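Everything below concerns the one structure shown next.
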Amino acid sequence: MNGRHDSNRPQEREPSFLKEMKDKMPGWIKNGIDKDAIDLAEDFGKYLANMDFTNSQIRNIFGEIKRLEMKGEWSQEINTSLLLLRPKLAYSVEKQSNNKSKTAGKELRDILKIGINTIITCDDKRKAFTNFSQITEAILAYHKAFDGK
């Protein structure tokens, strides 16, 4: 077999649930989580697990999100720290040792970047940030549920 249909190779095209998740992410950040958010977080968590993206990589980012969430009232310091998550995500992706996990990391980076950019433009940044944290937590939980390493 020539490897063209090798199921271990990363998909060349973006799975449809990722496009839907990217399209809906700003609404979830602004207005709150709905059933679609949870269903798509499940699909995304499974995708990350299947692509060998490790639990520790998601936990590092989620740990930073939780640390910011615990700071209380929104401040310029939290705003700056949130923006600095973007380069941390980029660095995390580039550290990936294989193409599958790097592809998955880029998808996670892109989705979280949409969330971060949406928070920055919201009037109620604290509420938007809480929604962002909950979506990230759902992705992490589903990743673990699907035996993400």
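The values are calculated or read from the model by the stated rules, or taken from the named source; none is laboratory data. What you see is a predicted model, and the numbers here were worked out from it, not measured in a lab. All Cβ positions, even for glycine, are placed from backbone atoms using ideal geometry, and neighbour counts span all protein chains on display.
Scanning the range 89-108 for residues that are touching a helix residue (DSSP H, G or I) at 6+ places or on another chain (Cβ under 7 Å) and either over 11 Å from F53 (Cβ atoms) or among the hydrophobic types (A, V, I, L, M, F, W, C) (or both) returns L89, A90, V93, A104, L108. When the helices (runs of 4 or more DSSP H) confined to the range 59-149 are screened for residues that are in contact (Cβ under 8 Å) with a residue 60 or more places away in the chain, those reaching at least 2 such residues are found at 99-121, 125-145.
Taken over the range 1-55, the criterion of being part of a loop (DSSP other than H, G, I, E, B), hydrophobic (A, V, I, L, M, F, W, C), modelled with pLDDT of 90 or more and over 19 Å from G148 (Cβ atoms) is satisfied by I33 alone. Only one of the numbered conditions (1) under 17 Å from A128 (Cα atoms); (2) exposed (fewer than 14 other Cβ atoms within 10 Å of the Cβ) is not met by G63, and that is (1).
Please give the number of the condition Q76 fails out of (1) modelled with pLDDT of 90 or more; (2) surrounded by 11 or more Cβ atoms within 10 Å (Cβ to Cβ). If we test Q76 against (1) modelled with pLDDT of 90 or more; (2) surrounded by 11 or more Cβ atoms within 10 Å (Cβ to Cβ), just (2) comes out false. Within the range 113-124, the set of residues being among the β-branched types (V, I, T) and either crowded, with 16+ Cβ neighbours inside 10 Å or in contact with a Lys or Arg (Cβ under 6 Å, 6 or more places away or on another chain) (or both) comprises I114, I116, T118, I119.
Residues in the range 103-149 that are β-branched (V, I, T) and closer than 14 Å to G63 by Cα: T130, I135, T136, I139.
To keep it simple, each residue is scored yes or no on (1) crowded, with 17+ Cβ neighbours inside 10 Å; (2) under 19 Å from K24 (Cβ atoms); (3) at pLDDT 90 or above.
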| site | (1), (2), (3) |
| --- | --- |
| R59 | no, no, no |
| L85 | yes, no, yes |
| S101 | yes, no, no |
| I111 | yes, yes, yes |
| R126 | no, no, yes |
